[in-house]
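Worksheet for the structure shown next.
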Amino acid sequence: MARFPFSLSATRARERFAELYRAQRDPLYAYCLGMLGDAAAAEDVVQLAFERAWRRRHVFDLRRGSPRAWLYAIARNAARDELRRRGRHALPVEELPERGAKDARLEDLEHGELRAAVLALPERDRELIVLRYWADLPDAEIARISGLSRSNVSTRIGRALRRLRGVLEADDGSA
């Protein structure tokens, strides 16, 4: 079985996991924020996803996808659990706390009309948009995370973008 090299040595496992954490912390937060619409809940889900990934690192199999896709699948399940706990509604955030250095995609999601429009989308559309544009994942990884085919991911993202455009145009009064 081709596994992520967490089993080489305890030190090397921690180093590899730290690399994964540094590379994916902010994009994973953006994904969770887009799914949940709540900064505190998104931070909790990110923390939970990394904890679960570390505890289950021994079952990771490279043949089933990249470490990033595996991590997002764990976060997706945790975010869905949180949505079920709340009654499946994303809670819009009025003002989010500063999170240090952020890229423009995360700032766009955290503030303004785009965040509100993304949160107004149905959960599946919101998830695909956030995975593509805020987590910056390619279709192949989105397919692994979502359980959809790669072509279906492209089709659904196109439809979700049209819905998002419709929400934004309706908000502008130009629809």
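The values are calculated or read from the model by the stated rules, or taken from the named source; none is laboratory data. Since the model is a prediction, treat every value here as computed from it, not as a measurement. Here the Cβ is made from the backbone with ideal geometry for all residues, glycine too, and neighbour counts use every protein chain on show.
Sort out for me the helices (runs of 4 or more DSSP H) sitting completely within the stretch 6-119 that have 1 or more residues that are modelled with pLDDT under 85.
Counting at least 1 such residues, we get 10-36, 67-86, 104-110.
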**Message:** Looking at the stretch 79-91, I want the residues that are closer than 22 Å to PHE50 by Cβ and small (Gly, Ala, Ser) and have a partner that is modelled with pLDDT of 60 or more and in a loop (DSSP other than H, G, I, E, B) with Cβ atoms under 7 Å, at least 6 apart or on another chain. Which pairs are those?
**Reply:** ALA90/GLY37
**Message:** Can you report the number of residues in the stretch 120-138 which are surrounded by fewer than 18 Cβ atoms within 10 Å (Cβ to Cβ), without any contact (Cβ under 8 Å) to a residue 60 or more places away in the chain and assigned to a helix (DSSP H, G or I)?
**Reply:** 1
